[in-house]
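Let me begin by presenting the structure, written as structure tokens, before commenting on it.
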Amino acid sequence: MFAGPIFSREALTAPRQLKHFLLRSGYLAALIVLMYTAGQATFGFQEIRNLSSLAGFGSLTFQVFSLVQLSLVIFFALLLAVGNVAQEKDRKTLILLLMTDLRNHELVIGKLSASLLSVLMLVVSSFPIFAILYFLGGVTFPQICWSIALCASVALAAGSWGTLVAFAREKTFQTISLGVLGLVLYLGIVEGLLAVVGAQSAETARWLHVMNPYRTVLDLINPWDQVHAEGVSHVSASGAVGMMLGITVLLNLISIAYVRRWNTSHAVFEQAMKKEEEQSQITRKKVKVIWSNPVIWREICTRAYGRKVIVIKLIYLLFVAFMLWQLSSTFGVLNPSGKLVSPAGVGFIALGLISLMLVNAQAVTAITSERDGQTMELLLVTDITAKEFVYGKLGGILYNTKELTLIPLGWIVYLAAVGGMSAENAVYTIIGYVMLTLFSAMLGVHSGLTYDSSRAAIANSLGTMFFLFIGICIFMVLLVEARSSFFLQLQSFLVFILMGSIGLWKSLTYKNPSSALTFAAGLLPFLTFYAIAEFLLSGSLGVCLWITLAYGFTTLAMLIPAISEFDFALGRTTLDN
């Protein structure tokens with residue numbers, strides 16, 4: 001009752017939809033497949049003869065499950081909360097909600113709880129799978145309970161942050177970018193303070209420690225690191241759970257207090273008056289010359305994504321400066337202590353992943369903003385060709401995110417200049433990263449054209465990128481654990497690769513199936529696995545070659561139908577012309 005009718009409607013209608021049951025059963029099936037893959041990578045087809053090996057497998061699987069579920073919860077809680085509110089704004093229906101007798105707390109809490117209903121449902125549903133690990137050994141029941149409780153509290157905190165940003169900002173791209181960068185910057189600030197202040201005060205270090213949920217998960221995974229003086233291990237995440245709930249309450253109080261100030265109904269009339277004033281001043285200003293391709297002209301020369309995109313870039317630059325400060329002493333070190341990647345290389349990976357996610361967000365919102373703003377229909381009645389539209393959008397996306405692409409590339413060039421990596425590996429890394437950037441942009445455009453619902457398009461596009469990153473991390477962890485031949489590794493990961501191919505095929509061919517996209521969906525997970533195996537074997541050229549082949553072919557498989565079947569994808573009929 002506290003959440004109001006918004007949550008009540010979601011709670012009543014969601015269980016009636018088929019996707020509700022498919023999502024829940026699919027998530028549990030994915031965890032079971034991941035457990036099977038971990039077992040095959042660890043034991044293969046050998047017979048288990050002692051309990052210690054079984055307990056070790058249970059402990060390893062609990063580590064993978066906990067870290068994967070926490071990452072999924074953070075990402076999708078933020079994404080769903082942002083998408084739920086942003087969709088209301090894009091469709092101009094939030095004004096209707098503000099005109100009703102809904103109270104502020106009913107609007108904010110209702111939107112938050114409705115967004116997180118599916119996420120919290122999946123967290124609770126995963127408890128039986130975690131309980132299986134308890135019977136295998138290597139993990140205690142309190143570890144499982146605290147891991148589930150931590151994921152639930154983190155979901156509330158991440159969703160509250162996404163709701164606050166979505167209510168405060170107007171444009172969807174701004175909302176997604178600020179939401180992602182805010183979470184990353186929060187974790188970076190906590191770690192920075194822990195490194196600077198934590199060494200001087202044990203009490204401050206303890207408070208900062210519980211503010212990072214990943215540190216708490218690592219404590220739950222390794223309870224013997226927290227041992228009392230009497231020799232008893234301490235298994236608890238009460239401090240972190242309480243901290244996340246406190247952050248949730250604080251963020252929701254801010255949203256409740258300012259939701260109507262941020263979204264006043266008279267803002268619509270103010271925008272209309274402002275447009276009239278701008279039109280009246282056109283005669284006194286120099287008329288802008290529109291390029292031969294009006295789509296890319298609008299993307300580059302106008303403020304199509306809001307006036308405060310510069311804020312996003314400033315926050316991104318702040319994050320880059322923070323990473324440079326943290327890793328400044330490691331740039332000239334080449335893979336110290338036998339590690340696969342140097343600390344500066346890890347910094348590039350983190351920076352590159354964030355940039356790719358933001359490029360993808362820019363790409364998908366470039367299409368969905370046209371549809372939600374009802375300007376797509378205007379484009380359909382013009383003589384703009386498919387190539388002008390698609391290439392114009394891609395050019396505008398790459399131009400507007402040029403800082404997000406050039407800074408990671410500059411990071412690699414500087415790393416090679418100071419001796420942190422060889423020039424050959426730097427060239428391979430640049431080629432691979434440029435290809436991944438093009439793939440991210442094209443995936444966003446493809447999802448925007450494929451899905452009619454903006455919320456579905458954004459969730460599908462960013463979700464595909466996120467699952468690719470999560471899959472790569474899981475592959476690397478289990479491959480290092482396996483320590484076997486490539487043939488045996490391929491056998492153990494075959495089910496996992498097959499599940500990834502099916503999911504990617506469903507995503508890419510949702511509306512416009514093609515043989516090329518089907519082939520790309522089957523090829524990309526396999527070649528990604530092969531590239532990871534090649535990297536773990538200290539390969540360089542092979543990694544670049546297979547990444548370029550896999551993601552380059554998939555990019556072309558999405559690009560060619562977009563420019564050749566543009567009318568069919570958007571529902572426009574120009575056959576008579």
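Descriptive notes on the structure:
- For V68, the conditions (1) within 22 Å of R455 (Cβ to Cβ); (2) assigned to a helix (DSSP H, G or I) all hold with the exception of (1).
- Residues of segment 530-577 classified as within 26 Å of the chain's Cα centre (by Cα), farther than 26 Å from G448 by Cα and modelled with pLDDT under 80, total: 2
- Selection status of G395, in a helix (DSSP H, G or I), out of contact with any His (no Cβ under 7 Å at 6 or more places or on another chain) and surrounded by fewer than 20 Cβ atoms within 10 Å (Cβ to Cβ): yes
Residue-wise test of (1) assigned by TED's automatic domain parsing to the domain that holds L80; (2) at pLDDT 80 or above; (3) small (G, A, S).
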| position | (1), (2), (3) |
| --- | --- |
| L324 | no, yes, no |
| G338 | no, no, yes |
| L351 | no, yes, no |
| T382 | no, no, no |
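- Subset of segment 136-151 (residues that are assigned to a helix (DSSP H, G or I), touching a residue at least 40 places away in the same chain (Cβ under 8 Å), within 12 Å of F62 (Cβ to Cβ) and out of contact with any Ser or Thr (no Cβ under 8 Å at 6 or more places or on another chain)): Q143, I144
- Among the conditions (1) surrounded by fewer than 22 Cβ atoms within 10 Å (Cβ to Cβ); (2) closer than 19 Å to I354 by Cα, G419 misses just one, which is (2).
- The C-beta contact set for segment 511-530 (first residue in the same structural domain as F475 (by TED's automatic domain parsing), second residue outside any helix (DSSP H, G or I), distance under 6 angstrom, 6+ apart or interchain) comprises L517/T509.
- Of all residues making up segment 33-75, the number that are at pLDDT below 80, in contact with a helix residue (DSSP H, G or I) (Cβ under 6 Å, 6 or more places away or on another chain) and either of a type in the set (S, T, Y) or within 28 Å of A361 (Cα to Cα) (or both): 2
- The condition (being in contact with a helix residue (DSSP H, G or I) (Cβ under 9 Å, 6 or more places away or on another chain) and on the phi > 0 side of the Ramachandran plot) is satisfied by just one residue among K111, K92: K92.
- Within segment 412-441, residues that are aromatic (F, W, Y) reach partners that are at pLDDT 90 or above and surrounded by fewer than 18 Cβ atoms within 10 Å (Cβ to Cβ) with beta carbons closer than 8 Å, at six or more positions or on different chains, in the pairs F439/G552.
Every residue, every condition in (1) surrounded by fewer than 16 Cβ atoms within 10 Å (Cβ to Cβ); (2) assigned by TED's automatic domain parsing to the domain that holds V33; (3) modelled with pLDDT of 90 or more, yes or no:
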| residue | (1), (2), (3) |
| --- | --- |
| L94 | no, yes, no |
| L117 | no, yes, no |
| V123 | no, yes, yes |
| P128 | yes, yes, yes |
| V139 | no, yes, no |
| A149 | no, yes, yes |
| L156 | no, yes, yes |
| V165 | no, yes, yes |
| Q200 | yes, yes, no |
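- Flag for V123 being under 30 Å from L178 (Cβ atoms) and in contact with a Cys (Cβ under 8 Å, 6 or more places away or on another chain): yes
- Hey, S201 free of Cβ contacts under 8 Å to residues at least 40 places away in the same chain, on the phi < 0 side of the Ramachandran plot and of a type in the set (S, T, N, Q) or not: yes
- Test: residue in segment 236-256 that is more than 21 Å from L112 (Cβ to Cβ) and either at pLDDT below 85 or buried (at least 17 other Cβ atoms within 10 Å of the Cβ) (or both): yes
The values are calculated or read from the model by the stated rules, or taken from the named source; none is laboratory data. Computed from a predicted structure; not experimentally measured. A quick note on method: Cβ atoms are made from the backbone with ideal geometry, for glycine too, and the neighbour counts reach across all protein chains shown.
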